[in-house]
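Quick note: the coordinates plus some simple rules give every number you see, no bench work behind them. Not measured: the values here are computed from a predicted model. We place every Cβ from the backbone using ideal geometry, glycine too, and count neighbours over all the protein chains shown.
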Amino acid sequence: MGTSRRITESQLDRAKNALALRVKALTEKKVETTKFKTDTAWRKLDARVRQIAARLRKIAEVETNNAEVAKHKADRLASLAAEKATLKAAGGKKAKPEKEKGKGDAKAAKKEKAPKEKKPKEPEKKKEEKE
């Protein structure tokens, strides 16, 4: 199981403090800020800060996703409860949509149509032409 937001934030604070201490030590040695990348300790601390920050962003994404899922679930349960209430008020039967009168006539007309006649096959003529 992953770490919580609170733990990750405290880790980030400690990593930033360690990085700040290293930056302070490098500035006391009069190292330019552009030359920090050559210092291995600074690179290690900076990488740690970036890693923890990335984890914190991922935790935020998961939290927003969980909030959306919870909201969707609550909406779905509310709509199901409302549907049950309408069914209970209607006497427990689902209201069926009324059929259109014109549809039944169209089906009957299709049944009355005569089946299509098939064309007779002419394989004998083709054989004679080839010879």
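Just a few scattered comments:
- Cleavage-rule hits (GluC sites (Glu not before Pro)) in region 10-86: DSSP loop, at most 14 neighbouring Cβ within 10 angstrom: GLU32
- Taking a Cβ cut-off of under 12 Å around LYS16, the surrounding Lys, Arg, Asp and Glu residues balance to a net charge of +1, with basic ones at +1 and acidic ones at -1.
- Using distinct alpha-carbon pairs, which all enter the 1/r mean, Kirkwood radius of region 5-91 in Å: 16.9 Å
- Neighbour-limited loop hits for trypsin sites (Lys or Arg not before Pro), region 26-65 (at most 12 other Cβ within 10 Å; DSSP other than H, G, I, E, B): LYS29, LYS30
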